[in-house]
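Colleague: Would you mind keeping the following structure in view while I ask a few things?
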Amino acid sequence: MKSKNNLQELSLAELIDKYPYIESFLVEQKFPLVRKDLTILEIYHQLSEGEKEDIVIEGEEFLSRVSAYIENMQDFLGEKETGVELLSLLAGNDKDGNQEQYERIDIKTGEIVALLGPTGSGKSRLLADIEWAAQGDSPTGRTILINGEKAAKEWRMNGSKKLVAQLSQNMNFVMDLSVEEFLCLHAESRLLENEHELVKKVIQKANDLAGETFSATSQITSLSGGQSRALMIADTAILSSSPIILIDEIENAGIDREKALDLLVGEEKIVLMATHDPTLALMADKRIVINNGAIVDFIERNNREKDILRDLKAVNDKLAKLRKELRYGKRPSLFD
Amino acid sequence: MNLVTFSGPPSSGKTAVILKTIRALRERNIKAGVVKFDCLYTDDDKLYAREDIPVKKGLAGSLCPDHYFVSNIEEVVQWGRKKGLDLLITESAGLCNRCSPYIKDIKAVCVIDNLSGINTPRKIGPMLKTADIVLITKGDIVSQAEREVFASRVRAVNPDAVIMHINGLTGQGAYEFSTLLDTEKEDIKTVSGKRLRFSMPSAMCSYCLGEKRIGEEHQLGNVKKIELGDEDEEQK
């Protein structure tokens, strides 16, 4: 821990100079920033009762918070060096307590893995295990390893540092902002340096994925279904801090799904995808099959399945073409 | 018996989260009960009773709910002990955001939802700032970006807290959260002599005492005036 005594001796100006992000933290805490030549405790003791009440936390304890925040931020900023390259699952039990029939499953960065199994088979439970970095302490008894080792505790407890980012069909944008404002807000929350460049990249990639293009000034709440999905995927790929992405289906309409997956794995992510759609399932490099709470199979895609995928894509393309023709009042062209 | 105080804005998902958490506790043979504090009306006690969870409700009525809480918590603790609970959960809705029912040395949990808007963390005050654990709900319906921004705002208000995402509907995260509630085997026999983490408002004015008439002559006691500035200022 940043020693509290150290911080205690620094004036506010020195503190802000050393840890620039502390300024917005103090504003957030309603801590007055007028006398920058004094230390935090000196300022605190000069506050009126009303001002102290606004800050809520008392002097010494407030200093500990400042120190905790600095520590968090340093972890957060240094996080790129602790990237996740390998995610491993060690066997647990099925719903009846029988041991799963595998020892260890390894998933590497840049791999796409599909999760398959009937509804209620335990796909969400597997996700929860990964999200929590389970250490044999979840109902399944599974253990999750990150880069071959037990996961550090902060993956569990720190809301802004999460292993798993999630994308699902029923997610919506709820903020009333333009695309650009929204993305800047996301980038700011991560203190990214090349913010504007990244925001531009997200918008461009999202437009690559969506059938109809949108601009940086469009309101996010007014985007179409396809545009929203495209923006969420591009944003998660480029701006999210989580190394693992879990996707719960990607609807076929209004978005190029293959490009979407390429974008996610291209950004050094591990992609896990729960799906009932054969095209999506075959787009994955590997498939985890779940039944009765247990992983019952781990299958690598073979060449025959790649051929099937090619045929499926051709069918999908035809359907898309037909949809477009009907939409624009044309007679369907030949279905050869 | 262990004691945990839950608090959070109305409709943030406290009851849903507690129900799912108690289910997870039961899997590990921990007997939990709930006392629900509310203002005028609640039906949530029926939800608990339906799952055979020992429950009592208290309605503050014309009193401030947090005052009502602190004046009754000792009796509530004794009820929990009599019921033979391993864990007693108190649930109360934070209403004006000025206070919190948290007690020093008693685990405090704040439930707050992603839909409430990204400025909500800075509006809530002691209920969020002094909590040990912050649970963020309704993450399944907003985008990843909004979840991340919201969590970082929570972290900026309360850098010490454990922050977790929980889905009150599916229960995702509830099992994991439940493991944080019985880490140390505490045996709380009484809360008499303990202290609140944050004081209740020091204000006492004529309206606290039932005054209804409006106007300067009816305002007595601790009265604070809004700063509207004068006309000169507006012309500048």
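The values are calculated or read from the model by the stated rules, or taken from the named source; none is laboratory data. All values derive from a computational prediction rather than experimental measurement. We place every Cβ from the backbone using ideal geometry, glycine too, and count neighbours over all the protein chains shown. Just the protein is used for accessible areas: all its heavy atoms, side chains included, with ligands, DNA and RNA removed. Shrake-Rupley method; radii C 1.70, N 1.55, O 1.52, S 1.80 Å.
Colleague: Report whether or not B:Arg122 is in contact (Cβ under 8 Å) with a residue 12 or more places away in the chain and more than 21 Å from A:Met157 (Cα to Cα).
Modeller: So B:Arg122 does not fit the description; no.
Colleague: Could you give every pair whose Cβ atoms fall below 9 Å, whose first residue belongs to the stretch A:244-262 and is of a type in the set (S, T, N, Q), and whose second residue is part of a loop (DSSP other than H, G, I, E, B) and modelled with pLDDT of 90 or more, counting only separations of at least 6 or pairs across chains?
Modeller: Filtered contacts from the stretch A:244-262: A:Asn252/A:Asp277.
Colleague: Of all the residues that make up the stretch A:274-286, how many are open to solvent by less than 30 Å² (accessible area, probe 1.4 Å) and touching a strand residue (DSSP E or B) at 6+ places or on another chain (Cβ under 9 Å)?
Modeller: 8
Colleague: Still on this structure, please answer the following. Tell me, which residue of the stretch B:195-205 that is in contact with a helix residue (DSSP H, G or I) (Cβ under 9 Å, 6 or more places away or on another chain) and modelled with pLDDT of 90 or more is surrounded by the fewest Cβ atoms within 10 Å (Cβ to Cβ)?
Modeller: Result: B:Leu196.
Colleague: If you don't mind, another one. Among (1) over 23 Å from B:Asn2 (Cβ atoms); (2) in contact with an Asp or Glu (Cβ under 8 Å, 6 or more places away or on another chain); (3) more than 7 Å from every other protein chain (Cβ to nearest Cβ); (4) open to solvent by 10 Å² or more (accessible area, probe 1.4 Å), where does B:Lys123 come up short?
Modeller: If we test B:Lys123 against (1) over 23 Å from B:Asn2 (Cβ atoms); (2) in contact with an Asp or Glu (Cβ under 8 Å, 6 or more places away or on another chain); (3) more than 7 Å from every other protein chain (Cβ to nearest Cβ); (4) open to solvent by 10 Å² or more (accessible area, probe 1.4 Å), just (2) comes out false.
Colleague: Can you spot a residue in the stretch B:127-144 that is touching a residue at least 60 places away in the same chain (Cβ under 8 Å), out of contact with any strand residue (DSSP E or B) (no Cβ under 6 Å at 6 or more places or on another chain) and either within 14 Å of another protein chain (Cβ to nearest Cβ) or part of a strand (DSSP E or B) (or both)?
Modeller: yes
Colleague: Scan A:Lys259, A:Lys318, A:Lys313, A:Lys330 and give me the residue that is outside any helix (DSSP H, G or I), closer than 20 Å to A:Gly211 by Cβ and at pLDDT below 95.
Modeller: Among A:Lys259, A:Lys318, A:Lys313, A:Lys330, only A:Lys330 is outside any helix (DSSP H, G or I), closer than 20 Å to A:Gly211 by Cβ and at pLDDT below 95.
Colleague: May I pose another question? So A:Ser189 clears everything in (1) among the polar types (S, T, N, Q); (2) modelled with pLDDT of 90 or more; (3) within 16 Å of the chain's Cα centre (by Cα) except one condition, right? Which one?
Modeller: (2)
Colleague: Applying the selection to the stretch A:7-26, what residues are out of contact with any Pro (no Cβ under 9 Å at 6 or more places or on another chain) and among the aliphatic types (A, V, I, L, M)?
Modeller: Across the stretch A:7-26, the qualifying residues are A:Leu7, A:Leu10, A:Leu12, A:Ala13, A:Leu15, A:Ile16, A:Ile22.
Colleague: Which members of the stretch A:48-107 meet the condition of being within 12 Å of chain B (Cβ to nearest Cβ) and among the aromatic types (Phe, Trp, Tyr)?
Modeller: Scanning the stretch A:48-107 gives A:Phe62, A:Tyr69, A:Phe76.
Colleague: Further question on the same structure: Which one is least open to solvent (accessible area, probe 1.4 Å) among residues in the stretch A:159-218 that are of a type in the set (Ser, Thr, Tyr) and more than 10 Å from every other protein chain (Cβ to nearest Cβ)?
Modeller: A:Ser178
Colleague: Looking at B:Ala49, B:Ala32, B:Ala60, B:Ala24 in this structure, which one is hydrophobic (A, V, I, L, M, F, W, C) and surrounded by 24 or more Cβ atoms within 10 Å (Cβ to Cβ)?
Modeller: Result: B:Ala32 is the single residue among B:Ala49, B:Ala32, B:Ala60, B:Ala24 that is hydrophobic (A, V, I, L, M, F, W, C) and surrounded by 24 or more Cβ atoms within 10 Å (Cβ to Cβ).
Colleague: Can you tell me which residue within the stretch B:156-172, out of those that are within 7 Å of chain A (Cβ to nearest Cβ) and assigned to a loop (DSSP other than H, G, I, E, B), is surrounded by the fewest Cβ atoms within 10 Å (Cβ to Cβ)?
Modeller: Among those residues, the one meeting the criterion is B:Thr170.
Colleague: Follow-up. From the list A:Leu7, A:Leu26, which residue is at pLDDT below 85, within 14 Å of chain B (Cβ to nearest Cβ) and surrounded by 15 or more Cβ atoms within 10 Å (Cβ to Cβ)?
Modeller: One residue alone meets the criteria, A:Leu7.
Colleague: Mind counting the residues in the stretch B:143-155 that are open to solvent by 10 Å² or more (accessible area, probe 1.4 Å) and either touching a Pro at 6+ places or on another chain (Cβ under 6 Å) or closer than 22 Å to A:Arg65 by Cβ (or both)?
Modeller: Within the stretch B:143-155, residues that are open to solvent by 10 Å² or more (accessible area, probe 1.4 Å) and either touching a Pro at 6+ places or on another chain (Cβ under 6 Å) or closer than 22 Å to A:Arg65 by Cβ (or both) number 4.
Colleague: When you go through (1) in contact with a strand residue (DSSP E or B) (Cβ under 7 Å, 6 or more places away or on another chain); (2) closer than 25 Å to A:Asn252 by Cα one by one for A:Gln204, which number turns out not to apply?
Modeller: The number of the failed condition is (1).
Colleague: Kindly provide the set of residues from the stretch B:174-187 that are open to solvent by 10 Å² or more (accessible area, probe 1.4 Å) and either over 20 Å from A:Ala128 (Cβ atoms) or assigned to a loop (DSSP other than H, G, I, E, B) (or both), ordered by number.
Modeller: B:Thr179, B:Leu180, B:Asp182, B:Thr183, B:Glu184, B:Lys185, B:Glu186, B:Asp187
This table checks each residue for (1) polar (S, T, N, Q); (2) within 14 Å of the chain's Cα centre (by Cα).
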site	(1), (2)
B:Asn2	yes, no
B:Lys31	no, no
B:Pro65	no, yes
B:Leu87	no, no
B:Arg98	no, yes
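Colleague: Name the single residue that is farthest from the other protein chains (Cβ to nearest Cβ) among those in the stretch A:147-158 being in contact with a helix residue (DSSP H, G or I) (Cβ under 9 Å, 6 or more places away or on another chain) and not hydrophobic (A, V, I, L, M, F, W, C).
Modeller: A:Asn147
Colleague: Need at least 1 residues that are more than 26 Å from B:Leu128 (Cα to Cα), out of contact with any helix residue (DSSP H, G or I) (no Cβ under 9 Å at 6 or more places or on another chain) and aromatic (Phe, Trp, Tyr) per element, so show me which helices (runs of 4 or more DSSP H) inside the stretch A:6-95 make the cut, counting only ones lying wholly within it.
Modeller: none
Colleague: Over 19 Å from A:Gly110 (Cβ atoms) and buried (at least 17 other Cβ atoms within 10 Å of the Cβ) - does that describe any residue in the stretch A:258-273?
Modeller: Checking the stretch A:258-273: not a single residue is over 19 Å from A:Gly110 (Cβ atoms) and buried (at least 17 other Cβ atoms within 10 Å of the Cβ).
Colleague: Counting residues that are outside the structural domain of A:Asn292 (by the TED database), which strands (runs of 3 or more DSSP E) fully inside the stretch A:102-183 reach at least 1?
Modeller: Strands (runs of 3 or more DSSP E) meeting the threshold: A:164-168.
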